[in-house]
Amino acid sequence: MRARSEVERYARLVDMIMDHMIRIDRFNATARRVLDADRERLSGVVFLTAAENDSTPARLAENARIIQRIAVCLRLRAAAYRYAAQRLAIAAPSRLIAEVDRKLVSHEARIKPFDAVSDPPPPPGVSK
């Protein structure tokens, strides 16, 4: 669908950013639950069988790497939105770019919580 006016083009970009923010919020909630459960496993609160205990470090590291990869993809998407906004501002200058920029700042802020996610340390008594 081709936008007919600059207002529609800006509105469509804002809608895409907002839609993506909803998805990021859902991902953030899920990732937080996973990381919290992983911290619980590391602290020994959860009782695991010997086999589960042996595989725990690998599973925790895998969870962290998945979250890291998704965070990279989210940053790439944010950069693509920023690029699209810049191209739109060049092609159709408007005061509406301020609204797009506000949404982009909010979008980028939603990605920051996972900048610090790293592979968890091994549980006590296990070496890397």
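Label sites at R33 and A79, each approximated as a point 7 angstrom past Cα along Cα to Cβ, lie 3.1 nm apart.
Secondary-structure-derived ellipticity at 222 nm for the chain, considering helices only, amounts to -27000 deg cm²/dmol, per-run term -39500 (n - 2.57) for DSSP H runs with n ≥ 4. Note on I70 and E99: the extension gain reaches 7.8 nm, defined as 0.36 nm multiplied by sequence separation minus the Cα-Cα distance.
Rule-based calculations on the coordinates, nothing more; no lab input. All values derive from a computational prediction rather than experimental measurement. Quick reminder, even Gly has a Cβ in these numbers, built from the backbone with ideal geometry, and neighbours come from all protein chains shown.
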